[in-house]
Amino acid sequence: MRNTYEKLQKSHPCFGGMRNNVGRIHLPVSPGCNIACRFCDRTINDVENRPGVTSKVLSPEEAIRILDKALKLCPQITVAGIAGPGDTLATGYALETFRLVKKHFPELIKCMSTNGLLLYEKSDEILEVGVDSLTVTVNAVDPGIEAKLNDGILYHGRRYAGEEAAEILIKNQIKGIKRVAEGGTTIKINTVLVPDINGDHIEEIAKTVKAAGAKIYNIIPLIPQAGLKNQRAPGCAEIDGARITAGKYIDVFRHCQHCRADAAGMIGGKDYGDVLYQRRLVGKETFSHG
Ligand code: CLF
Ligand code: SF4
């Protein structure tokens, strides 16, 4: 039986007020991505803290061994999350890992994060493996705005660019959110706030995703890099303003720590990633898929 939103508010560090009592581990099993967010630098290395960046990509079996070790080190972990380093649906490893989590650690909450391009077509599998909570990154619901944030997609073996790509992505995200929400998975939405591109679009996104069945919304400030390195990051007042705007339509999560794809432990507390994975250098401040 999947956890409901009400249950997750008491047991999931990113869905309620329990972040000081319960922790999460991210299992970095998903290499590769099928879209091209303009703010993403997808180098996989061990020195930086960004989406697409992790110290090491694991096989599903390795992930289960790491999970076992992590639960011994940090028994407060209630959530097994998969948030990259690429997209969790671009390859089959995330769903394969969740099948193993379900078998070996049925008590853990299964949490997944995706860009949503393949969400609709993978929805049956997502529901069947019992994903409890799913984060979809929706940066725009207007193709004209999305096209400024995303260079293109690779979809069923074909490349699409510009507004054509944006239209397919948005359509699949919204259809996918509806379907998975109807199936009983709790949906969280992440939006990367790029003030001069989607700053005035937050209300529209919040309204649309709420109507599709999402429960909670997380605004992630842009870290100017890669194709958006010349865009400005939002200030605190702009982030607050966006949260207040979104909050008129949907619950807002305010404690995001922009976790890496291989983070482990309590959010904002000690990170066990170094012990569990491999030695990592201190990275830059960043955002993530989580
Ligand atoms: Fe991880 Fe994300 Fe699940 Fe949480 S993180 S996949 S929902 S278990 Fe949480 Fe980290 Fe913010 Fe994500 S603080 S980046 S919101
Ligand atoms: Fe990068 Fe994630 Fe966007 Fe893919 S979905 S391009 S990994 S930020």
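Which of the residues spanning the stretch 148-188 are hydroxyl-bearing (Ser, Thr, Tyr) and in contact (Cβ under 8 Å) with a residue 60 or more places away in the chain? Talk me through it step by step, then tell me what you get.
Just the residues of the stretch 148-188 that are hydroxyl-bearing (Ser, Thr, Tyr), to begin with: 155, 160, 185-186.
Matches in the stretch 148-188: Tyr155, Thr185, Thr186.
Among what's in the stretch 274-290 and is of a type outside the set (D, E, K, R) and either within 16 Å of ligand 2 (Cβ to nearest atom) or at pLDDT 85 or above (or both), pick the residue that is surrounded by the most Cβ atoms within 10 Å (Cβ to Cβ). I'd like the intermediate steps shown before the answer.
Our first condition is that a residue be of a type outside the set (D, E, K, R); within the stretch 274-290, this holds for 275-278, 281-283, 286-290.
Now restrict to residues that are either within 16 Å of ligand 2 (Cβ to nearest atom) or at pLDDT 85 or above (or both): 276, 283, 286-290.
Details: Leu276: 22, Gly283: 15, Thr286: 16, Phe287: 23, Ser288: 25, His289: 30, Gly290: 27.
So, considering only residues that are of a type outside the set (D, E, K, R) and either within 16 Å of ligand 2 (Cβ to nearest atom) or at pLDDT 85 or above (or both), the one surrounded by the most Cβ atoms within 10 Å (Cβ to Cβ) is His289.
Just to be sure, is Ala161 within 15 Å of ligand 2 (Cβ to nearest atom), farther than 12 Å from Cys37 by Cβ and among the aliphatic types (A, V, I, L, M)?
Working: within 15 Å of ligand 2 (Cβ to nearest atom): yes; farther than 12 Å from Cys37 by Cβ: yes; among the aliphatic types (A, V, I, L, M): yes.
Yes.
Sort out for me the helices (runs of 4 or more DSSP H) sitting completely within the stretch 57-147 that have 1 or more residues that are touching a helix residue (DSSP H, G or I) at 6+ places or on another chain (Cβ under 8 Å), farther than 21 Å from Ala181 by Cβ and more than 16 Å from ligand 2 (Cβ to nearest atom). Spell out how you get there, then give the answer.
On the way: elements: 60-73, 93-104, 123-129.
Where helices (runs of 4 or more DSSP H) fall fully within the stretch 57-147 and carry at least 1 residues being touching a helix residue (DSSP H, G or I) at 6+ places or on another chain (Cβ under 8 Å), farther than 21 Å from Ala181 by Cβ and more than 16 Å from ligand 2 (Cβ to nearest atom), they are 60-73, 93-104.
Kindly state which helices (runs of 4 or more DSSP H) lie completely within the stretch 190-290 and contain at least 3 residues that are touching a residue at least 40 places away in the same chain (Cβ under 8 Å), over 21 Å from Ile35 (Cα atoms) and within 20 Å of the chain's Cα centre (by Cα).
Values: elements: 195-198, 202-212, 236-247, 273-276.
Where helices (runs of 4 or more DSSP H) fall fully within the stretch 190-290 and carry at least 3 residues being touching a residue at least 40 places away in the same chain (Cβ under 8 Å), over 21 Å from Ile35 (Cα atoms) and within 20 Å of the chain's Cα centre (by Cα), they are 202-212, 236-247.
Can you pull out every residue in the stretch 154-170 that is closer than 21 Å to Lys210 by Cβ and out of contact with any helix residue (DSSP H, G or I) (no Cβ under 9 Å at 6 or more places or on another chain)?
Within the stretch 154-170, none qualify.
The values are calculated or read from the model by the stated rules, or taken from the named source; none is laboratory data. Fair warning: this is a prediction, and the values are worked out from it, not measured in the lab. Ideal geometry is used to build each Cβ from the backbone, glycine not excepted, and the neighbour counts take in all protein chains shown.
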